[in-house]
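Let me begin by presenting the structure, written as structure tokens, before commenting on it.
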Amino acid sequence: MTLTDVLELNKTELFTKIRTVLPIVTQTQNLLDCKDDLLYAWNSVDSCLLVTNWRVALLQAEPKRAKISYQTLIPSNAVGLQVDRIVVSNEGSLVALCGPRNVTILEVPRRSGPDGYLMDGKEQITCRSYNLDVLLFQNNPQLEVCQVRWHPDSVSDSTLLVLLSNNTMRVYNHAKLRHVWKVGPYTVNKGANTSLSDFGETSIDFDIAPAVKSSAPASDETTKNSTLNSTKTPKEKVEWPIVILRENGNVYVLLTGIDSDVTRLQGPITITPQTSSNYGIESCALLIIPSLPPTVIIAESTGRLHHALLLEAETTERSFNDADDGLLIEPSQWTLHVTETVELELGLSASATNGTGNGYSCPIHLKRDVVNEMRYFAYHNAGLHIVTVKFISELQRFLDSEVEDNQLVLSTPSCAEYILCTKFDFSDRINPVIGIALMQMPSGLVLLLGSGQVISLKLVIDAQLLMTSKKEVQLTATNAALGEQGADPSFADKIKSMLQRTVNQPILADKMASSSAHERYELLNQAVEVLRTQYLKRHELVRAEFAKHIKCIKLQKQQQLQEIQSLENEREIISERAHKLAERFEEISDNQELLVRRCQKLMQLANSVLPNSIVAEREFAQEVGRIDKATKAIAAALDTAKKTYNKQRYHIAKSQGTNASNAYQLPERQQRTITEILTQLSSEIDRQISDVKRINKIVGL
């Protein structure tokens with residue numbers, strides 16, 4: 001295991017295969033992507049997609065005993081043109097293979113088996129694929145694909161948005177074209193640049209912001225369409241703002257639903273605060289972080305990154321229309337407030353250790369971190385940067401705070417770390433990033449360079465970058481309130497501020513062609529200087545601060561021990577006093593109870609000898625006494641009767657038990673015989689009685 005390849009992917013058969021067929025590229029691409037535990041890589045020579053289960057390979061004790069190293073996904077329709085990026089859908093069921101002049105959708109087969117391979121580990125799988133709008137690209141030689149993204153609101157995970165260079169956005173569901181949305185004046189270059197391309201009116205990138213409720217204007221056409229939609233779906237209409245970036249830095253917003261033919265284009269959006277130099281003069285990429293409000297990142301090829309908040313405007317602003325008369329632009333209800341601008345260091349050189357180096361510029365590509373919403377990646381021809389937008393946590397604390405009259409102050413600047421450097425000389429030789437993939441659980445990053453080298457790193461997630469709990473938010477808000485009142489910052493914040501550095505030492509990677517010994521010596525001196533000024537010096541200051549803090553803590557500890565001893569003495573004195581007071585209280589309570597009883601007796605005697613006592617009261621008192629005596633006599637007699645009754649019940653039960661035990665029972669046969677004899681005697685007696693009655697009747701007696 002090496003420090004630059006913690007997952008040891010350079011030794012795997014997949015990247016060995018990719019390294020042998022890697023084309024010569026001069027610009028940054030993205031031929032890698034990862035979804036869950038599947039890592040995808042594009043093989044440009046064989047026009048097939050290679051996929052491996054990286055988690056199984058990582059957890060495998062003996063990689064040689066693994067079932068397969070990778071699987072090959074062969075598209076059913078040949079992808080004959082160049083592919084410079086692959087984009088896996090949100091659920092991982094589809095993969096978009098995109099090039100400058102082609103888009104192909106490939107269906108990923110189902111996973112099965114104990115290790116989660118595709119189709120139970122079959123090495124080669126022919127997958128169904130669709131080539132989108134082949135005739136459109138054939139009939140328009142200058143038409144190019146600018147950006148592709150999967151729509152997050154797709155239920156079937158199959159809605160793909162494709163931005164073309166003619167200022168149109170095409171919406172596909174699998175292989176079917178659903179909608180064509182105009183996002184600018186229609187233009188197609190034919191040999192020479194048109195006036196629109198000269199003014200930078202071509203849309204180059206877009207991203208999708210979180211959904212909002214529909215607020216369409218009350219025009220006749222819109223009212224008619226909304227009425228038709230309301231008859232189909234009674235639920236409230238939801239629109240997805242699609243933020244579009246043009247070459248000249250203008251930003252537009254396209255409001256539409258995923259299944260809507262009617263779109264509303266607004267812009268260009270007003271960007272504040274205004275500066276002498278316009279924002280995004282050399283814009284090349286756009287990214288949206290779904291915070292509240294959404295954070296928009298605009299990248300320039302010079303290495304500048306503008307962080308802005310997409311806010312709702314207080315009043316709608318009507319902007320000028322584009323050159324296309326058929327394009328309707330509504331008044332903008334959004335504004336962009338730029339909070340900060342971050343400058344990236346594009347390459348290292350011996351003559352410059354800070355800033356933008358030797359003025360090198362190249363297109364910058366942005367990729368959002370799916371693990372941490374406050375972090376994104378900027379990769380380019382000169383390497384990779386990790387940018388942390390720290391004011392998003394301040395926004396979250398402001399929204400969760402329950403303090404009244406709380407004002408939002410974005411004071412924490414963002415941090416840009418130069419993780420990988422692939423250009424550290426003045427030559428034209430470059431080693432661009434041609435593949436980047438993010439892994440989860442454990443969180444990691446995989447980079448494929450133009451030289452064929454694979455960089456795999458583990459991503460460290462800072463606890464401050466995660467969403468804090470309510471208690472932590474309240475504690476942070478309390479600390480912030482104390483800070484506003486003039487309290488000193490915490491020791492941890494002080495140490496973090498001391499360790500905060502402006503320049504870091506990235507991983508150096510270059511192509512096989514080596515530079516001169518003098519250049520490498522200067523680069524080594526530069527690295528040593530960075531380590532001394534930005535690392536070792538800061539650690540020395542932190543160590544001195546720790547020693548000072550420890551000394552203060554020891555003094556405070558001694559003082560606190562003395563105070564604790566004095567408090568213990570006072571507690572013993574207070575305990576003795578409390579014990580004496582408790583005894584005194586019990587004595588007083590007993591005396592009080594005795595006095596109360598004496599008072600009650602005195603009150604009774606006083607009432608009995610009052611001179612105004614009438615005869616009726618005395619007779620009533622005597623009658624009550626007599627009834628009391630009679631009641632007591634009756635109760636005593638009742639107790640005696642109960643005892644006698646219980647005694648009699650006992651003797652009766654005892655006698656019944658004795659009789660039952662002494663009773664003799666005849667055998668069944670004798671009992672039957674006696675019963676028959678008694679029956680005959682009874683019948684004989686009845687007969688004789690009837691005869692006597694008959695004789696008496698005859699005689700007349």
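For the structure I just gave you, tell me whether residue 559 is open to solvent by 80 Å² or more (accessible area, probe 1.4 Å), within 30 Å of residue 495 (Cα to Cα) and assigned to a helix (DSSP H, G or I).
So residue 559 passes the test.
Please verify whether residue 565 is under 52 Å from the mean Cα position of the chain (by Cα) and modelled with pLDDT of 90 or more, treating the condition exactly as stated.
yes
For the stretch 76-144, which strands (runs of 3 or more DSSP E) that fit wholly inside it have 1 or more residues that are of a type in the set (Phe, Trp, Tyr)?
By residue number, 129-131.
Cβ contacts < 8 Å: first residue more than 14 Å from residue 243 (Cα to Cα), restricted to the stretch 162-181; second residue basic (Lys, Arg) and surrounded by fewer than 17 Cβ atoms within 10 Å (Cβ to Cβ), any location; separation 6+ or different chain. Result?
171/178; 172/178
Just give me the residues in the stretch 272-311 being of a type in the set (Val, Ile, Thr), assigned to a loop (DSSP other than H, G, I, E, B) and either touching a residue at least 60 places away in the same chain (Cβ under 8 Å) or in contact with an Asp or Glu (Cβ under 8 Å, 6 or more places away or on another chain) (or both), in sequence order.
Listed by number, the residues that qualify are 281, 302.
For the stretch 288-310, give me the residue count where each residue is modelled with pLDDT under 90 and hydrophobic (A, V, I, L, M, F, W, C).
1
Pull up the stretch 199-258, narrow it to residues that are assigned to a strand (DSSP E or B) and among the charged types (D, E, K, R), then point me to the one that is modelled with the lowest pLDDT.
Checking each candidate, the answer is 213.
Taking the residues in the stretch 37-53 that are in contact with a Gly (Cβ under 9 Å, 6 or more places away or on another chain) and of a type outside the set (A, V, I, L, M, F, W, C) as candidates, determine which candidate is least open to solvent (accessible area, probe 1.4 Å).
Ranking the qualifying residues of the stretch 37-53, first place goes to 53.
In the stretch 396-450, what residues are small (Gly, Ala, Ser) and at pLDDT below 90?
Passing the criteria: 401, 411, 414, 416, 427, 443, 444, 450.
Any residue at all in the stretch 451-464 that's under 28 Å from residue 97 (Cβ atoms), in contact with a Cys (Cβ under 9 Å, 6 or more places away or on another chain) and open to solvent by 30 Å² or more (accessible area, probe 1.4 Å)?
Scanning the stretch 451-464 turns up no residue that is under 28 Å from residue 97 (Cβ atoms), in contact with a Cys (Cβ under 9 Å, 6 or more places away or on another chain) and open to solvent by 30 Å² or more (accessible area, probe 1.4 Å).
Take the residues in the stretch 1-26 that are farther than 23 Å from residue 442 by Cβ and modelled with pLDDT under 85, then tell me which one is surrounded by the fewest Cβ atoms within 10 Å (Cβ to Cβ).
Once the filter is applied, the top-ranked residue is 24.
Quick one: which of 136, 58, 94 is at pLDDT 90 or above, out of contact with any Ser or Thr (no Cβ under 8 Å at 6 or more places or on another chain) and over 26 Å from residue 26 (Cβ atoms)?
136
For every residue, the table says whether it meets (1) modelled with pLDDT under 80; (2) open to solvent by less than 80 Å² (accessible area, probe 1.4 Å).
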site: 596; (1), (2): no, yes
site: 601; (1), (2): no, no
site: 604; (1), (2): no, no
site: 614; (1), (2): yes, no
site: 617; (1), (2): yes, no
site: 629; (1), (2): no, no
site: 634; (1), (2): no, no
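Being assigned to a loop (DSSP other than H, G, I, E, B) and at pLDDT 90 or above is the filter here, so list the residues in the stretch 353-368 that pass it.
Those that are assigned to a loop (DSSP other than H, G, I, E, B) and at pLDDT 90 or above: 363, 364.
Restricting to the stretch 361-372, name every residue that is open to solvent by 10 Å² or more (accessible area, probe 1.4 Å) and in contact with a Ser or Thr (Cβ under 7 Å, 6 or more places away or on another chain).
Selection gives 361, 363, 365, 371.
The values are calculated or read from the model by the stated rules, or taken from the named source; none is laboratory data. Predicted model only: the values in this text are computed from it and were never measured. Cβ: placed from backbone, ideal geometry, glycine included. Neighbour counts: every protein chain shown. The protein model used for the area step is the full one, side chains on, heavy atoms only, and it has no ligands, DNA or RNA in it. Shrake-Rupley method; radii C 1.70, N 1.55, O 1.52, S 1.80 Å.
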